[in-house]
Amino acid sequence: MGKILRNKWFKFSIILIITLLMIIWIGNYWLLLGLPILFDLCISKKVHWAFWKKKGIKKQSTTVEWIDAIIFAVVAATIIRMFFIEAYTIPTSSMEKSMLVGDYLFVSKVAYGPKMPNTPLSFPFAHHTLPGTKSTNSYSELIKHPYKRLGGFGEVKLNDVVVFNFPAGDTVWMGNTQTDIYSLLRFHSSHSRNEDKQKQNKIQSNRYYKKMAYQLLESKAEIKIRPVDKRENYIKRCVALPGDELTSRDGQLILNGVVLENPRELQFNYIVETNGTAINPRKLDELNIAKADRKKRNSNTYILPLSIAKVEILKKFNNVASITRVLSPKGKTEDVFPFSPNYNWNRDNFGPIVMPKKGESIKITTDNLPLYERIIRTYEGNKLEVINDQIHINNKPVTSYTFKMDYYWMMGDNRHMSADSRYWGFVPEDHIVGKASFTWLSLDKDKSFFNKIRWDRFFKSVK
């Protein structure tokens with residue numbers, strides 16, 4: 001048996017079968033042209049492919065052995081990262097408490113099928129920026145491929161925790177890459193218009209957006225256009241699939257007319273009032289409320305993100321006088337998708353809205369165009385114009401549109417502290433990266449040394 005396993009023809013046959021299966025999976029049969037190279041590597045050995053090694057010498061120098069090991073590791077890790085599984089870090093509190101800031105996850109690419117890279121020429125292991133630089137691209141667009149997804153184990157399901165490319169991340173202001181440039185431009189536009197006094201006061205009260213909007217317009221910082229696969233990775237829960245109708249009433253999601261079961265750790269912001277004494281910070285630590293999420297209006301009023309279970313615990317504190325959920329009532333306008341006066345929606349009350357489905361046609365009018373404008377123009381690459389109240393797509397007047405892709409609605413479990421579909425709309429299928437599988441490490445940024453490690457989250461599956 002050992003003799004068979006060491007036989008070069010047997011080894012070549014196994015490698016050839018695996019290679020052919022990979023080529024069939026990828027679907028690019030030009031890769032068959034590489035089989036002669038494989039044959040030479042395993043059998044004929046006429047070409048000196050490992051040019052960094054001295055030919056005919058069995059014992060190589062330590063430097064050469066290290067180069068050999070590094071090249072193998074980079075190639076192997078790149079293949080695994082591209083086709084099978086990739087590491088991801090939870091950077092914000094948008095999914096708390098289902099997942100915590102500082103969780104390190106593995107994301108399965110084969111769950112929905114891996115995407116082939118749109119920009120294959122890229123520096124290994126860098127997402128969009130070269131290590132050690134602030135704005136230098138880690139990729140080249142000399143070669144660009146259209147969207148293609150390989151076969152996977154299944155499709156996106158309701159309540160899956162999904163990693164995807166940020167839909168509003170196609171245009172990035174290098175002066176502040178973490179801020180949605182479209183939000184800033186909308187903010188500045190509405191601030192500049194001569195609107196009613198109430199709206200003006202509301203806008204001026206948002207100091208952060210006011211500051212960022214003016215910095216954007218006055219700054220000479222570069223604005224970049226990024227391809228789909230090089231946009232920031234976001235992680236949210238899928239709450240609506242293609243063809244579903246979604247409504248939110250006071251924060252409760254209703255899917256196709258049925259109340260959607262909430263995640264166990266769903267959170268909203270609550271106003272917590274005390275009898276004048278402060279809540280012990282250690283008690284807030286025990287509730288896993290991050291320091292960055294603890295906001296105080298005054299000496300006896302807190303605003304905290306809480307689950308139902310945490311609310312019940314806080315009610316038992318002797319110094320807690322009342323707990324009231326923060327709620328945007330129906331009819332109150334907020335800057336949420338689709339950013340149109342035709343839709344008087346906010347973060348807690350919106351819809352009904354139907355998820356676009358590949359191959360389905362809808363009637364489009366100037367009234368409902370705000371819902372689908374970005375899909376038609378940006379995600380599906382059409383020229384869109386409105387001329388004398390008549391919609392034109394690719395220079396032709398139309399009254400309907402047929403979708404080319406499936407679209408999803410993604411939301412964070414920390415509902416009042418999540419930038420999600422409520423603020424940028426649908427997530428196209430070509431932006432889906434993979435499914436969050438399990439946590440392999442978790443570090444608490446509010447603690448130090450070994451106390452940072454959350455031992456109970458090691459290898460915990462994501463639900």
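The values are calculated or read from the model by the stated rules, or taken from the named source; none is laboratory data. Note that the coordinates shown come from a computational prediction; the quantities given were computed from them, not determined experimentally. Neighbour counts are summed over all protein chains in view; Cβ atoms, including those assigned to glycine, are modelled from backbone coordinates with ideal geometry. Accessible surface areas use protein heavy atoms only, side chains included; no ligands, DNA or RNA. Shrake-Rupley method; radii C 1.70, N 1.55, O 1.52, S 1.80 Å.
Dividing the summed helix terms, -39500 (n - 2.57) for each DSSP H run of n ≥ 4, by the number of residues in the chain produces a 222 nm estimate of -7000 deg cm²/dmol to the nearest 500. Which entries of LYS134/LYS283; LYS211/LYS447; LYS109/LYS404 have Cα-Cα distances beyond 29 Å here? Violating the 29 Å limit, Cα to Cα: LYS134/LYS283; LYS211/LYS447. The largest accessible area among CYS42, CYS238 belongs to the first residue in CYS42, CYS238, and the rest follow in falling order (1.4 Å probe, all chains). Averaged over its residues, the chain has an accessible area of 56 Å² per residue, based on protein heavy atoms and a 1.4 Å probe. Straight-line cross-link partners of LYS310 among the aspartates and glutamates, defined as a Cα under 17 Å from its Cα and at least 8 positions apart when in the same chain: GLU96, GLU265, GLU273, ASP285, GLU286, ASP293, ASP413. Computed with a 1.4 Å probe over protein heavy atoms only, the accessible area of PHE106 comes to about 60 Å².
Here the Karplus curve 6.51 cos²θ - 1.76 cosθ + 1.60, taken at θ = phi - 60°, turns the phi angles of region 140-154 into couplings of 10, 9, 4, 10, 10, 10, x, 4, 8, 10, 7, x, x, 7, x Hz, with x standing for Gly and Pro. Ranked from largest to smallest solvent-accessible area, with a 1.4 Å probe on the protein heavy atoms, TRP440, TRP30 come out as TRP30, TRP440.
In sequence order, region 99-106 has phi-based couplings of 9, 10, 4, x, 6, 10, 10, 9 Hz under the Karplus curve 6.51 cos²θ - 1.76 cosθ + 1.60, θ = phi - 60°, and Gly or Pro positions carry x. How much of the accessible area of the chain, probe 1.4 Å, is carbon plus sulfur, in whole percent? Carbon-and-sulfur percentage of accessible area, whole number: 58. Cross-link partners of LYS59 among aspartates and glutamates, defined as those whose alpha carbon lies under 13 angstrom from its own and excluding same-chain residues fewer than eight positions apart: ASP68.
About its Cα centre, what dipole magnitude does region 96-153 give when the only charges are +1 on Lys and Arg Cβ and -1 on Asp and Glu Cβ, stated in debye to the nearest 20?
Approximately 200 debye in magnitude.
Across region 334-340, computed HN-Hα scalar couplings (Karplus, 6.51 cos²θ - 1.76 cosθ + 1.60, θ = phi - 60°) run 10, 7, 10, 4, x, 6, 9 Hz from first to last residue, x flagging Gly and Pro.
Region 68-142 and region 1-38 have Cα centres lying 27 Å from one another. Per residue, the convex hull around the alpha carbon atoms of region 90-133 comes to 131 Å³.
In the assembled protein chains, TRP424 presents an accessible area of approximately 20 Å² (probe radius 1.4 Å).
When ARG325, ARG264 are compared by accessible surface with a 1.4 Å probe, the order from highest to lowest is ARG264, ARG325.
The Kirkwood hydrodynamic radius of the chain, based on inverse pair distances between different Cα atoms, is 25.7 Å.
What's the Cα-based Rg to Rh of region 1-146, Rh via Kirkwood?
Rounded to two decimals, Rg over Rh is 1.04.
Listed by chain and number, the lysines whose C-alpha is less than 20 Å from the C-alpha of LYS54, apart from same-chain residues fewer than 8 away, are LYS45, LYS46.
Think of each Lys and Arg Cβ as +1 and each Asp and Glu Cβ as -1; about the Cα centre, that makes the dipole of region 10-83 roughly 340 debye. Each residue was assigned an accessible area with a 1.4 Å probe, and for VAL259 the value is about 100 Å². Net charge dipole, the chain: roughly 1540 debye, given to the nearest 20, about the Cα centre with Cβ charges of +1 for Lys and Arg and -1 for Asp and Glu.
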